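Shown next, in structure tokens, is the structure this report addresses.
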Amino acid sequence: MCVTVQTTNVVALDNQALQLVTLTNQQGMQVQFIDWGATWVSCIVPVGNEKREVLLGCQLADYAKQGVYLGATIGRYANRIANSQFEYQGKTIKLTANQNEHQLHGGLIGFDKQRWKIEQTGEKCGENFVIFSLISPDGEQGFLGKVKVQTIYRLTEDNALLVEFKAVSDRDTPLSLTNHAYFNLNNAENGSDIREHFLQLNAEQFLPVDSQGIPNAPLKSVQNSSFDFRQAKAIKQDFLQAEQQLTKGYDHAFLLDQQREKTCAILTAPDRSLCLTVSTNQPALQVYTGNYIQGTPTRCGGEYADYTGIALETQALPDTPNHPEWWQYGGMLKAGETYHHWTKFQFS
């Protein structure tokens with residue numbers, strides 16, 4: 001195993017050089033991260049005799065400019081909060097809007113657009129991890145409470161990446177963190193149609209949304225709908241049917257079946273040469289088929305087209321602050337309590 005930290009010659013929006021962290025295991029799997037947004041920028045997996053990049057990414061200089069959250073840590077609240085406000089304990093809390101009148105992924109300056117501190121790596125103790133930390137001040141983007149956050153990436157010897165988020169706030173606050181990696185198990189370098197991949201989900205309900213991704217109905221059964229992935233199927237099989245037409249594809253939260261094992265999603269390459277199994281302790285999974293990523297720069301100087309990567313974002317349900325009936329599933333952090341979120345991305 002190997003951990004390296006490199007100061008690059010790329011300067012971010014704060015005029016400071018990016019720090020690049022590389023973790024490598026004995027099987028030859030390699031993952032890389034930068035301290036801007038605690039972002040996952042590369043994931044190279046051994047497949048047969050090749051080393052295959054499976055994560056959509058751009059050149060380091062483009063990470064602070066691109067607008068589709070490539071590989072970034074998302075917070076203070078992943079997904080959308082309707083009308084950038086919510087009622088809590090008799091008060092209206094107003095947030096910063098950044099998607100028309102709504103807030104998406106934490107606002108104009110979310111956790112993805114900030115410099116994180118490299119708090120610790122496993123370099124000295126012979127372990128394969130890196131810990132990034134961030135302090136979000138009281139009032140940031142409208143949210144109450146000072147929040148201390150850690151993002152921990154740990155590479156295992158069986159070709160899995162364990163992503164952990166830990167946080168504590170001094171006031172009650174909405175909190176739902178996630179990683180916004182886009183996967184393409186066939187061709188992440190230049191992109192290929194992700195709808196050729198196969199997907200299976202451990203979910204019996206999904207959340208209908210309007211054209212802006214705001215929930216507009218109660219949770220709904222996936223049965224007899226295009227949202228039924230309880231058995232693996234090609235993503236293209238039922239694509240752009242019914243509710244999907246509003247969002248140009250899948251961009252919906254699925255409530256995970258808490259009674260089964262923690263595996264929530266299995267993504268398989270079209271030729272079945274590689275499989276990604278996602279496990280988590282989170283209540284929901286946002287499935288986004290890259291419906292609006294056209295024009296995003298690649299690592300090679302080209303541009304990605306729509307539908308060339310899929311994001312599998314483990315999180316709380318969107319707009320939970322406005323839906324007390326969903327608070328039972330998480331998304332609202334009490335003062336002094338510890339938020340702990342883990343997700344495992346297992347490649348095989």
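Scan the stretch 104-112 and give yes if some residue there is part of a strand (DSSP E or B) and not small (Gly, Ala, Ser), otherwise no.
Quick first cut of the stretch 104-112, residues part of a strand (DSSP E or B) only: 104.
Checking the rest, the ones that are also not small (Gly, Ala, Ser) come to 104.
There is at least one residue in the stretch 104-112 that is part of a strand (DSSP E or B) and not small (Gly, Ala, Ser).
In the stretch 169-194, the qualifying residues are those that are part of a loop (DSSP other than H, G, I, E, B) and of a type in the set (A, V, I, L, M), and the one that is nearest to the chain's Cα centre (by Cα) is ALA181.
Please tell me if LEU13 is assigned to a strand (DSSP E or B), among the hydrophobic types (A, V, I, L, M, F, W, C) and open to solvent by 10 Å² or more (accessible area, probe 1.4 Å). Considered against the rule, which asks whether it is assigned to a strand (DSSP E or B), among the hydrophobic types (A, V, I, L, M, F, W, C) and open to solvent by 10 Å² or more (accessible area, probe 1.4 Å), LEU13 comes out as no. The one condition from (1) assigned to a loop (DSSP other than H, G, I, E, B); (2) closer than 22 Å to LEU70 by Cβ; (3) open to solvent by less than 40 Å² (accessible area, probe 1.4 Å) that ALA253 does not meet is (1). Annotation note: of SER192, SER225, the sole residue that is under 30 Å from ALA82 (Cβ atoms) and among the polar types (S, T, N, Q) is SER225.
Close contacts from the stretch 261-275, counting a first residue that is farther than 14 Å from THR343 by Cβ and a second that is open to solvent by 50 Å² or more (accessible area, probe 1.4 Å) and among the hydroxyl-bearing types (Ser, Thr, Tyr), with Cβ to Cβ under 9 Å and a gap of 6+ residues or different chains, come to LEU274/SER348; CYS275/SER348. Cβ-Cβ distances below 9 Å connect the following pairs, each with a first residue in the stretch 180-204 that is over 15 Å from LEU276 (Cβ atoms) and among the charged types (D, E, K, R), a second residue that is assigned to a strand (DSSP E or B) and open to solvent by 50 Å² or more (accessible area, probe 1.4 Å), and a separation of six or more residues or different chains: GLU204/SER221. Count of the stretch 203-225 residues, restricted to those that are assigned to a loop (DSSP other than H, G, I, E, B) and either more than 27 Å from GLN99 (Cα to Cα) or in contact with a Cys (Cβ under 8 Å, 6 or more places away or on another chain) (or both), is 4.
Any residue at all in the stretch 151-158 that's touching a Ser or Thr at 6+ places or on another chain (Cβ under 9 Å) and surrounded by fewer than 18 Cβ atoms within 10 Å (Cβ to Cβ)? Steps first, please.
First pass over the stretch 151-158, keeping only residues touching a Ser or Thr at 6+ places or on another chain (Cβ under 9 Å): 151, 155, 158.
Now restrict to residues that are surrounded by fewer than 18 Cβ atoms within 10 Å (Cβ to Cβ): 158.
The answer is yes; a qualifying residue exists.
Those residues that are farther than 10 Å from LEU317 by Cα, in contact with a helix residue (DSSP H, G or I) (Cβ under 8 Å, 6 or more places away or on another chain) and crowded, with 23+ Cβ neighbours inside 10 Å, I need them from the stretch 281-297; list them, please.
First pass over the stretch 281-297, keeping only residues farther than 10 Å from LEU317 by Cα: 281, 287-297.
Applying the additional criterion that residues be in contact with a helix residue (DSSP H, G or I) (Cβ under 8 Å, 6 or more places away or on another chain) yields 289-291, 297.
Of everything in the stretch 281-297, those that are farther than 10 Å from LEU317 by Cα, in contact with a helix residue (DSSP H, G or I) (Cβ under 8 Å, 6 or more places away or on another chain) and crowded, with 23+ Cβ neighbours inside 10 Å turn out to be THR289, GLY290.
The residues in the stretch 27-59 that are surrounded by fewer than 18 Cβ atoms within 10 Å (Cβ to Cβ) and of a type in the set (Gly, Ala, Ser) can be counted, and the count is 2. Counting only strands (runs of 3 or more DSSP E) that fall entirely inside the stretch 17-97 and contain at least 1 residues that are basic (Lys, Arg), the qualifying elements are 50-53, 91-94. Quick one: is TRP327 more than 17 Å from the chain's Cα centre (by Cα) and either of a type in the set (Phe, Trp, Tyr) or within 25 Å of ILE194 (Cα to Cα) (or both)? Yes; evaluated as a whole, the condition is true for this residue.
Among the conditions (1) more than 19 Å from the chain's Cα centre (by Cα); (2) closer than 18 Å to ILE118 by Cα; (3) polar (S, T, N, Q), ASN49 misses just one, which is (2). Only one entry of PHE198, PHE165, PHE183 meets the criterion of being within 30 Å of ASP306 (Cα to Cα), of a type in the set (A, V, I, L, M, F, W, C) and open to solvent by 10 Å² or more (accessible area, probe 1.4 Å), and that entry is PHE198. Across the stretch 60-87, the number of residues qualifying as touching a Ser or Thr at 6+ places or on another chain (Cβ under 9 Å), under 18 Å from GLY145 (Cβ atoms) and open to solvent by 20 Å² or more (accessible area, probe 1.4 Å) comes to 1. Taking the criterion of being touching a residue at least 40 places away in the same chain (Cβ under 8 Å), out of contact with any helix residue (DSSP H, G or I) (no Cβ under 6 Å at 6 or more places or on another chain) and polar (S, T, N, Q), the residues of the stretch 90-126 that qualify are GLN99, ASN100, GLN114, THR121.
The values are calculated or read from the model by the stated rules, or taken from the named source; none is laboratory data. Here the structure is a predicted model, which means the values were calculated and not measured. Note: ideal-geometry Cβ built from the backbone for every residue, glycine included; neighbour counts use all protein chains shown. In case anyone asks, the SASA skips ligands and DNA or RNA and just uses the protein heavy atoms, side chains included. Shrake-Rupley method; radii C 1.70, N 1.55, O 1.52, S 1.80 Å.
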